[in-house]
Amino acid sequence: MAEHRQSRKRRYITWGVAGAAVVAGAGIAAQTSMAATTWPAQKTYTGRAFDTCTAPSLAAMKAWKTDGFYGAAAVYIGGKNRGCAQPNLTASWVKSVNTAGWKLIPLYVGAQPPCQTSANPEKFTAANAASVGAANANDAIARAAALGMKPGSPVYLDMEPYDITNKACNDAVLTYVRSFTRTLRAKTYRAGYYGFSSSSAKAIATATNRTDLPGNLWYALWDKKNTTTTDWPWDPKLYTDHSRGHQYMVNSKEKRGGYTITVDRNTWDAPVALIG
């Protein structure tokens, strides 16, 4: 059974689909159709990253940095479906952890598909997928900017598992994702996507029409393999320009520098936030 953080009542939700996740923010050509737009240079991080439901305290982040095992951390910047409170996640915290050497990966838990079986505070429909996608993206941009994450930063849209064989539902997802992506790019934020290899990420990676899809894919495939290449399950020519993340292990309880945190492990070779 796959699990991922989303429930407001508990830290993890049990899903009926195993998975992969996607991120957007690769090369400029993949990010925008407006050739005249001047994009800030992408900031790429290559190495291990972790994600955890609530952003850790600044003291814990500094302690975890000492052994160098992780160099980046994903943070849940917003979305009505975000599963945990974020008392530590402030502009001051972002600036401080950046100064301490951490790279940050902004993750936004947007509206979820109409055919998804889990209960969520926000879902989109086929009729409003485009408008909800744009509204979610504008909210994500505002939240990223308020945290000091500048234009040129990626925002990774979290899409949980759903039945991708349901054509009407899948078409609605693609409409929503394309609208989210276009809106980010219009404000010069890179588009990213987190999804599951058997469902939500697969839908993006295998879509025939590549127009306005995220430029970075963060896939959840819990095979415990620290790689973004050898277990890549789709066209090897996709997402090759420093635009892949791989969530390869979940629920790993780890103690570093005297602080114990339960995290998911990721291999990263993709954009991270521009802080300033």
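The values are calculated or read from the model by the stated rules, or taken from the named source; none is laboratory data. Nothing here was measured: the structure is a model prediction, and the numbers come from that model. A quick note on method: Cβ atoms are made from the backbone with ideal geometry, for glycine too, and the neighbour counts reach across all protein chains shown. We work out accessible area using only protein heavy atoms, side chains counted, and drop any ligands, DNA or RNA first. Shrake-Rupley method; radii C 1.70, N 1.55, O 1.52, S 1.80 Å.
Below is a table of values for the structure above.
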{"item": "Whichever residue in the range 189-224 is in contact (Cβ under 8 Å) with a residue 24 or more places away in the chain and of a type in the set (K, R) and, among such residues, is farthest from V75 (Cα to Cα)", "result": "K202"}
{"item": "I141 vs. criteria closer than 20 Å to L89 by Cα and either in a helix (DSSP H, G or I) or open to solvent by less than 60 Å² (accessible area, probe 1.4 Å) (or both)", "result": "yes"}
{"item": "Flag if P161 is of a type outside the set (A, V, I, L, M), within 15 Å of the chain's Cα centre (by Cα) and over 25 Å from Q42 (Cα atoms)", "result": "yes"}
{"item": "Test result for D158, under 29 Å from P87 (Cα atoms), crowded, with 19+ Cβ neighbours inside 10 Å and charged (D, E, K, R)", "result": "yes"}
{"item": "So G68, is it part of a loop (DSSP other than H, G, I, E, B), free of Cβ contacts under 8 Å to residues at least 24 places away in the same chain and more than 18 Å from R178 (Cα to Cα)", "result": "yes"}
{"item": "Pairs, first open to solvent by 10 Å² or more (accessible area, probe 1.4 Å) in the range 72-83, second part of a strand (DSSP E or B) and modelled with pLDDT under 95, C-beta under 9 Å, six or more apart", "result": "G83/H4; G83/I13"}
{"item": "Qualifying residue in the range 61-71 (condition: open to solvent by 60 Å² or more (accessible area, probe 1.4 Å) and either under 29 Å from S199 (Cα atoms) or modelled with pLDDT under 95 (or both))", "result": "no"}
{"item": "Flag if V94 is within 19 Å of the chain's Cα centre (by Cα), surrounded by 21 or more Cβ atoms within 10 Å (Cβ to Cβ) and not in a helix (DSSP H, G or I)", "result": "no"}
{"item": "Positions within the range 97-117 being in a loop (DSSP other than H, G, I, E, B), open to solvent by 20 Å² or more (accessible area, probe 1.4 Å) and in contact with a strand residue (DSSP E or B) (Cβ under 8 Å, 6 or more places away or on another chain), in sequence order", "result": "P114"}
{"item": "Residue count, the range 118-133 (criterion: open to solvent by less than 60 Å² (accessible area, probe 1.4 Å) and either free of Cβ contacts under 8 Å to residues at least 12 places away in the same chain or more than 19 Å from S200 (Cα to Cα) (or both))", "result": "1"}
{"item": "Strands (runs of 3 or more DSSP E) enclosed by the range 168-276 - at least 2 residues per element that are under 30 Å from A63 (Cα atoms) and open to solvent by 10 Å² or more (accessible area, probe 1.4 Å)", "result": "244-256, 259-271"}
